[in-house]
1. Pick out the one residue from Thr57, Thr69 that is of a type in the set (Val, Ile, Thr), closer than 24 Å to Leu34 by Cα and touching a Lys or Arg at 6+ places or on another chain (Cβ under 9 Å).
2. Considering only residues of segment 32-60 that are without any contact (Cβ under 8 Å) to a residue 24 or more places away in the chain and not charged (D, E, K, R), which is surrounded by the most Cβ atoms within 10 Å (Cβ to Cβ)?
3. Condition first: open to solvent by less than 30 Å² (accessible area, probe 1.4 Å), under 13 Å from Arg33 (Cβ atoms) and out of contact with any Asp or Glu (no Cβ under 8 Å at 6 or more places or on another chain). Now tell me which residues in segment 138-168 satisfy that.
4. Tell me whether segment 83-93 contains one or more residues that are in a loop (DSSP other than H, G, I, E, B) and over 15 Å from the mean Cα position of the chain (by Cα).
5. Just a yes or no: is a residue in segment 13-20 farther than 21 Å from Glu140 by Cβ and either surrounded by 14 or more Cβ atoms within 10 Å (Cβ to Cβ) or modelled with pLDDT of 95 or more (or both)?
6. With respect to Ala122, is the statement that it is surrounded by fewer than 18 Cβ atoms within 10 Å (Cβ to Cβ) and either modelled with pLDDT of 90 or more or of a type in the set (A, V, I, L, M, F, W, C) (or both) true?
7. For segment 88-103, check the following and say yes or no: at least one residue is of a type in the set (Gly, Ala, Ser) and open to solvent by 40 Å² or more (accessible area, probe 1.4 Å).
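The values are calculated or read from the model by the stated rules, or taken from the named source; none is laboratory data. Given the structure is predicted, the values throughout are model-derived calculations rather than measurements. Virtual Cβ from ideal backbone geometry, glycine too; neighbours counted across all protein chains shown. Quick note on the areas: whole protein, heavy atoms, side chains included, nothing else; ligands and nucleic acids left out. Shrake-Rupley method; radii C 1.70, N 1.55, O 1.52, S 1.80 Å.
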Amino acid sequence: MQLKRRPPLCVVADALLCTTTMEVPMTDRINHRLYQLDVLERNTELRQVACWAAKQTYPRLEKWRFIVTHIQENAHDPDIHRFCYHAREEMKGAACGAAVIGMRVSPASANSVMACMACTRADPLESAEQAIEHIIRWHEAVMETEDTAIFEQHIEDKLDAVWKRISR
């Protein structure tokens, strides 16, 4: 496989997009539920959680809402990886801008973009983790507070509901 030569800005942005450890700590309960779903190979549910998280940020662009909705509705499809790859390639430019410039200028919009971009990751666990991390950052920017306990509880409740549904 031959790698394409990219401008330095995209290399930096790709590194930012591929990070799995963010400054925002998720609660242990959120991590625990995500890992439980991953161990049970519940990739469909992990993708749906990632898409649910991205939708919480109310993405502005119709095309992005369509991509996230399509991934959520077709998470069970074995070919969803192909769609995610093409969507990721299509969104990459905007995500680069959001990661490099948007986080300083408009953190709420940038985190919305990054949450949508997270839905297209190949690994469903990373997709869910990153989408949730970005919606926590989005919440901080929108509410102008670093107190995210209530919002994290909302996320935990959603994950508990998914867990109860699959544990029956």
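1. Answer to the check: Thr69.
2. At the first step, the residues of segment 32-60 found to be without any contact (Cβ under 8 Å) to a residue 24 or more places away in the chain are 32, 39, 41, 55.
Those still in the list that are not charged (D, E, K, R) too: 32, 39.
Numbers: His32: 14, Val39: 9.
Step by step, filter segment 32-60, then rank; the result is His32.
3. Within segment 138-168, Glu152, Ile155, Glu156, Leu159, Asp160 meet the criteria.
4. Looking through segment 83-93, none of the residues is in a loop (DSSP other than H, G, I, E, B) and over 15 Å from the mean Cα position of the chain (by Cα).
5. Among the residues of segment 13-20, at least one is farther than 21 Å from Glu140 by Cβ and either surrounded by 14 or more Cβ atoms within 10 Å (Cβ to Cβ) or modelled with pLDDT of 95 or more (or both), which makes the answer yes.
6. It is true that Ala122 is surrounded by fewer than 18 Cβ atoms within 10 Å (Cβ to Cβ) and either modelled with pLDDT of 90 or more or of a type in the set (A, V, I, L, M, F, W, C) (or both).
7. Looking for residues that are of a type in the set (Gly, Ala, Ser) and open to solvent by 40 Å² or more (accessible area, probe 1.4 Å), one finds at least one in segment 88-103, hence yes.
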